[in-house]
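Novice: Sharing a structure here in structure tokens format.
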Amino acid sequence: MSALVFCGLYMIGDPVSMLASPEASELEREAIRRSLGLDLPLWTQYGIFLSKAIQLDFGNSFLNGESAMRLILERMPATLELATLAMFISLLLGVPLGIYAGLFPTGLGARSIMGGSVLGFSLPNFWVGLMLIMVFAVMLGWVPAGGEAQPKTSVRLS
């Protein structure tokens, strides 16, 4: 998988064009290429990547220059919390609904459960996520949309 992603980055274009400003000269682009080792053959770059990855050295973030591993570890608690909550909810809902659908396979409820399940597997995750944000954060206001809880205010027309 790492080889596919590594090679895929080169299929979408030159990585330097994504890192350098549009006004950068060709000399500046070559300096970036050299400093990041992008002037080396692809197989050599991949070998360097693998040897550093084995040592858990993922380099620095292009955005802020911090250690990528530190950023990963910094966000790990929230990721584990979300994964645990998602697993708990899926077990709490999925097992009883699956048992119900198995016991009454021809009923309307079971067909609805199966239809919802097929729909859930068929839709892209990013789209489902956006729609859930729209419903629960924007429309219902159950969860904060801007990172902080916003008090609900109502306007009364007199």
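Novice: May I ask you to verify whether LEU97 is assigned to a helix (DSSP H, G or I), modelled with pLDDT of 90 or more, in contact with a helix residue (DSSP H, G or I) (Cβ under 6 Å, 6 or more places away or on another chain) and not β-branched (Val, Ile, Thr)? Spell out how you get there, then give the answer.
Specialist: Numbers: assigned to a helix (DSSP H, G or I): yes; modelled with pLDDT of 90 or more: yes; in contact with a helix residue (DSSP H, G or I) (Cβ under 6 Å, 6 or more places away or on another chain): yes; not β-branched (Val, Ile, Thr): yes.
So LEU97 passes the test.
Novice: Among helices (runs of 4 or more DSSP H) lying entirely in the range 1-58, which contain 3 or more residues that are farther than 26 Å from LEU73 by Cβ and over 27 Å from the mean Cα position of the chain (by Cα)?
Specialist: On the way: elements: 2-11, 15-19, 26-35, 42-54.
Fully inside the range 1-58 and qualifying: 26-35.
Novice: Here's a check for you: in the range 30-56, which residue that is among the charged types (D, E, K, R) and either closer than 23 Å to SER17 by Cβ or not assigned by TED's automatic domain parsing to the domain that holds MET18 (or both) is surrounded by the most Cβ atoms within 10 Å (Cβ to Cβ)?
Specialist: Result: ARG33.
Novice: Here's a follow-up. Would you point out the residue of the range 104-147, among those that are of a type in the set (Phe, Trp, Tyr) and part of a loop (DSSP other than H, G, I, E, B), that is farthest from GLY94 (Cα to Cα)? Don't jump to the end; show me each part of the working.
Specialist: Here is the first cut: in the range 104-147, the residues of a type in the set (Phe, Trp, Tyr) are 104, 121, 126-127, 136, 142.
Now narrow it down to the ones that are part of a loop (DSSP other than H, G, I, E, B): 104, 142.
Working: PHE104: 15, TRP142: 23 Å.
If we take residues in the range 104-147 being of a type in the set (Phe, Trp, Tyr) and part of a loop (DSSP other than H, G, I, E, B), then TRP142 is farthest from GLY94 (Cα to Cα).
Novice: Starting from the range 13-29, keep only residues that are surrounded by 13 or more Cβ atoms within 10 Å (Cβ to Cβ), then list their pairs with residues that are part of a loop (DSSP other than H, G, I, E, B) and of a type in the set (Gly, Ala, Ser) whose Cβ atoms are within a distance under 8 Å, requiring at least 6 positions of separation or different chains.
Specialist: That search, which allows pairs on different chains as well, returns GLU28/ALA20; ARG29/ALA20.
Novice: Can you name every residue in the range 49-83 that is of a type in the set (Val, Ile, Thr) and more than 22 Å from CYS7 (Cβ to Cβ)?
Specialist: As a first pass, look at the range 49-83 and keep what is of a type in the set (Val, Ile, Thr): 54, 72, 79.
Of everything in the range 49-83, those that are of a type in the set (Val, Ile, Thr) and more than 22 Å from CYS7 (Cβ to Cβ) turn out to be ILE72, THR79.
The values are calculated or read from the model by the stated rules, or taken from the named source; none is laboratory data. Being a predicted model, the structure only gives us computed values, none of them experimental. Every residue, glycine as well, gets a Cβ built from its backbone with ideal geometry; the counts of neighbours run over all protein chains shown.
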